[in-house]
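Please read the structure below before turning to the comments.
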Amino acid sequence: TVMYVERKDQVMHITMNTGKVYESVTLRESFASKLGPLLADDRFVQTHVSFVVNLDAVDVYRKDHMIMQDGRQIPISRNFSTTVKERYLSYFC
């Protein structure tokens, strides 16, 4: 299962719950458009211009970041904070 996806430069790093990390080929389109199918799944939310997380893999939610099951802190930017909060609350409540 995908825990989170991070864009570094023009490459997506996809971290699985097993700890394995997959790298994409160089992106020729936007990160958001490439992740459209993933974001259509209610479990996934974009937290930052460079991050998409699986809400099932979140251990701790804070206003400005999430702590994932593997201990990684994923930032929540101000531009995405309202959407992230709404999605998190509607998913778990």
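The values are calculated or read from the model by the stated rules, or taken from the named source; none is laboratory data. Just so we're clear, the structure is a prediction, and the values are computed from it rather than from any experiment. Positions of Cβ are generated from backbone atoms using ideal geometry, with glycine treated the same way; all protein chains shown enter the neighbour counts. All accessible areas refer to the heavy atoms of the entire protein, side chains included, with ligands and DNA or RNA removed. Shrake-Rupley method; radii C 1.70, N 1.55, O 1.52, S 1.80 Å.
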TODO: With a Förster radius of 25 Å, plug the Cβ-Cβ distance of Phe92 and Thr26 into 1/(1 + (r/R0)^6) and report the FRET value to the nearest 0.05.
DONE: 0.10
Open item on the list: Using only DSSP helix segments of four residues or longer, with each worth -39500 (n - 2.57), what per-residue ellipticity at 222 nm results for the chain after dividing by its residue count and rounding to 500?
Closed with: -6500 deg cm²/dmol
Task: Charge sum, other residues only, whose C-beta stays under 12 Å from Val84's C-beta, Lys/Arg counted +1 and Asp/Glu -1 - done: +3
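Near Leu38, within a Cβ-to-Cβ distance under 15 Å, what is the net charge of the other residues, with Lys and Arg +1 and Asp and Glu -1? Please list the in-between numbers first.
Numbers: positive: Arg7, Lys34, Arg43, Arg87; negative: Glu6, Glu29, Asp41, Asp42, Asp56.
It works out to a net charge of -1.
Leaving out ligands and nucleic acids, and using a 1.4 Å probe, what accessible area per residue does the chain come to in Å²? It would help to have the intermediate numbers written out before the result.
Details: 5640 Å² over 93 residues.
Value for the chain: 61 Å² per residue.
In whole percent, and with a 1.4 Å probe on the protein chains, what portion of the accessible area of region 1-72 is carbon and sulfur? Display every interim value, and only then the final one.
Values: 1970 of 4040 Å².
Result for region 1-72: 49 percent of the exposed heavy-atom area is carbon or sulfur.
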TODO: Let me see the pair-distance distribution of the chain: every alpha carbon pair, 5 Å bin width, integer percents in order.
DONE: 3, 14, 27, 27, 19, 8, 2, 0
TODO: Specify the angular offset, from 0 to 90 degrees and rounded to the nearest 10, of the alpha carbon long axis of helix 78-92 from the longest principal axis of the alpha carbons in the chain.
DONE: 60 degrees
